[in-house]
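Scroll down for the structure; my scribbles are underneath it.
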Amino acid sequence: MYAFLEGLVESTGPDSVVLNVGGVGWQLRVSARTATQMLEGQKMRLLTHLSVSETNLVLFGFAEEAERALFRRLLRVNGVGPSCALALLSSIA
C-alpha cells in the first residue's frame, strides 16, 4: 500500500492533481479543500488511499490525516463509494 507521495505539483484541476515523484507523474483524485492548497511547481506531500475495484484503480490524495481518516470512515457507510465520499468531503470543505 502507498502511505504518501511527495513531489512537485505538475498540474491541478478541481478534483485532481498530477504529482511528479522522481520523474513519474501520479494522478490523484483530491477534495476541493486539498485542491485549493495545490500550486503548480510547489513541493507537496499527499497522504494516499488506493481504491481497487473490478474495473479500476484510483489513487486518492489528502493534504491532512484528518481528511483521509474521515474519507475512510465514510467508505464504511453502506452505499457510499470513493467518489461519493470525495464529493461529501468537498461539500464540507
_Taking 8 Å as the Cα distance limit and 6 or more residues as the minimum spacing, I'd like the relative contact order of the chain as a percentage._
25
*Return the label of the correct value of Cα Rg over 2.2 N^0.38 Å, as calculated from the structure shown, out of [x] 1.42; [y] 3.30; [z] 1.02.*
[z]
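Using the count of nearby Cβ atoms within 10 Å as a rough guide to exposure, how do MET1, MET38 rank from fewest to most?
MET1, MET38
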*asked:* How much length would be gained if the chain were fully extended between GLN27 and ASN78, taking 0.36 nm per residue of separation minus their Cα-Cα distance, in nm to one decimal?
replied: 15.7 nm
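A short reminder: the numbers here are calculations on the coordinates, not readings from a lab. All figures in this text were calculated on a predicted structure; none of them were measured in a lab. Glycine also receives a Cβ, built like all others from the backbone with ideal geometry; neighbour counts cover every protein chain displayed.
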